[in-house]
Amino acid sequence: MTAITAPNASEVDETAIAVSPVAAPITSSPVSGMIADWRDFFALTKPKVMRLVVFTALCGLLAAPGNIHPVIGFTAILCIALAAGGAGALNQWWEADIDAKMKRTAQRPLPRELMRRDDARDFGLLLSGASIMVMGLAVHWLAAGLLAFSIFFYVVIYTMWLKPRTPQNIVIGGAAGAFPPLIGWIAVTGEITLMPVLLFAIIFMWTPPHFWALALWVKPDYAAANIPMMPNAAGEVSTRRQSLVYSVLLLPLSLSPWFIGETGAIYGISALVLSTIFLALTVPVGLRRAVENDPMKPEKKLFAFSILYLFVLFGALVLDRVVANMGIFA
Amino acid sequence: MTPQEEEEFKRRRKARNLVIGLVLLGFVVLFYAITIVRIGEQ
């Protein structure tokens, strides 16, 4: 979750399917004398997850008040992307045993024994360490500290601790994916203020309905894997109701940057429209009960829209800032 | 290792070395640019 590797969209794969409560890493996999291809290392970074991370971080950076030199701004985003990649690699290192038993993740480099497990760990540590150091030296040590914490949060708090133990895993773990815009913002301003915290809170609140929409339709996988995702642990009805609650809360929260005067009407109206649609799509998910062989269309529709929601909302935030800076509506 | 596997091994090693070289080159350029920017700010 970022960091930075948020437990989000593509994280479906990650959330995987365990057969034991905790996947204890082994030292290395027996592989032939063949060395890993560079593409295998690239795959460890979860490039699909990284897109949303980079986008939200970039939006946080562009929407922040103040100026940042393009080279420093690029470095900040690069560090956030590297940190996300490092956290993703460490996640796959830890969960290699689990991934091997899942259909969706069995084709990853580690389950296929395309590389040594220790190499994946070392690669993850290298990316994580390098991203933190460069962020600190080139951009800002507060941003570097948050980057380090977000990696720790995703790898240790979420992957190792919460995920196999509590159905609230995705709720608390969602914080990892909420860090990128906060770090992007702080890279510019150098201080934590209300606005970046609100951006953090928006993604935090968005994560449960986004993820549970998916978890509802892959419930059998989680059940088989013994992972205590909310639909399996608390039941489908409870998960649907909770998704609805989070979506209701997301509506005013997404509007709060407008209410406190930190953004203009472009963001405010976009947030109102997007969050209303989000809520309208969550209502049928929240109130219905799946039947046998249910195609789960409302859940799939909500999941697809939730990804679009975040892209457009943060895009509107940047557009709003650009228009304000140009003084078009001044 | 069969001759085909050895060929594949060499191809992968070459590709990895190339990628590592490009990444290092990229970082050299980046650090140079960062240094110039930071010096310019002072």
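The values are calculated or read from the model by the stated rules, or taken from the named source; none is laboratory data. Predicted, not measured: the structure shown is a model, and the values here were computed from it. Because the Cβ atoms are built from the backbone with ideal geometry, glycine has one as well, and the counts that use them run over all protein chains shown.
Check A:Gly136, A:Gly88 and return the single one that is in contact with a Lys or Arg (Cβ under 6 Å, 6 or more places away or on another chain) and closer than 30 Å to A:Thr189 by Cα.
Every option except A:Gly88 fails the conditions.
The single condition among (1) at pLDDT 95 or above; (2) assigned to a loop (DSSP other than H, G, I, E, B) that A:Ala81 does not satisfy is (2). Of all residues in region A:158-192, which are aromatic (Phe, Trp, Tyr) and more than 22 Å from A:Pro257 (Cβ to Cβ)? Hits for region A:158-192 are A:Tyr158, A:Trp161. Of the candidates A:Ile80, A:Ile68, A:Ile72, A:Ile98, the single residue that is of a type in the set (Val, Ile, Thr), more than 28 Å from B:Tyr32 (Cβ to Cβ) and either within 13 Å of chain B (Cβ to nearest Cβ) or surrounded by 19 or more Cβ atoms within 10 Å (Cβ to Cβ) (or both) is A:Ile98. Only one of the numbered conditions (1) over 21 Å from A:Pro196 (Cα atoms); (2) in contact with a Leu (Cβ under 7 Å, 6 or more places away or on another chain); (3) within 14 Å of another protein chain (Cβ to nearest Cβ) is violated by A:Gln92, and that is (3).
Counting residues in region A:232-252 that are of a type outside the set (D, E, K, R), within 20 Å of A:Thr159 (Cα to Cα) and in a helix (DSSP H, G or I) gives one or more.
Please specify each residue of region A:215-231 satisfying the condition of being closer than 18 Å to A:Pro295 by Cα and in a helix (DSSP H, G or I). Answer for region A:215-231, where residues must be closer than 18 Å to A:Pro295 by Cα and in a helix (DSSP H, G or I): A:Ala215, A:Leu216, A:Trp217, A:Lys219, A:Pro220, A:Asp221, A:Tyr222, A:Pro231. Evaluate region A:280-294: report whether one residue or more is farther than 21 Å from A:Val245 by Cβ and assigned to a helix (DSSP H, G or I). Within region A:280-294, not a single residue is farther than 21 Å from A:Val245 by Cβ and assigned to a helix (DSSP H, G or I). Just one of the listed residues (A:Ala148, A:Ala63) is away from every other protein chain (no Cβ under 12 Å) and surrounded by 22 or more Cβ atoms within 10 Å (Cβ to Cβ), and it is A:Ala63.
Pairs are defined by a Cβ separation below 9 Å, a sequence spacing of at least 6 or placement on different chains, a first member in region B:1-29 that is more than 8 Å from every other protein chain (Cβ to nearest Cβ), and a second member that is surrounded by 10 or more Cβ atoms within 10 Å (Cβ to Cβ) and at pLDDT 95 or above; the pairs so defined are B:Phe27/A:Ala130; B:Phe27/A:Val134. Under the condition of being surrounded by 15 or more Cβ atoms within 10 Å (Cβ to Cβ), of a type in the set (Gly, Ala, Ser) and modelled with pLDDT of 95 or more, the residues counted in region A:271-297 number 2.
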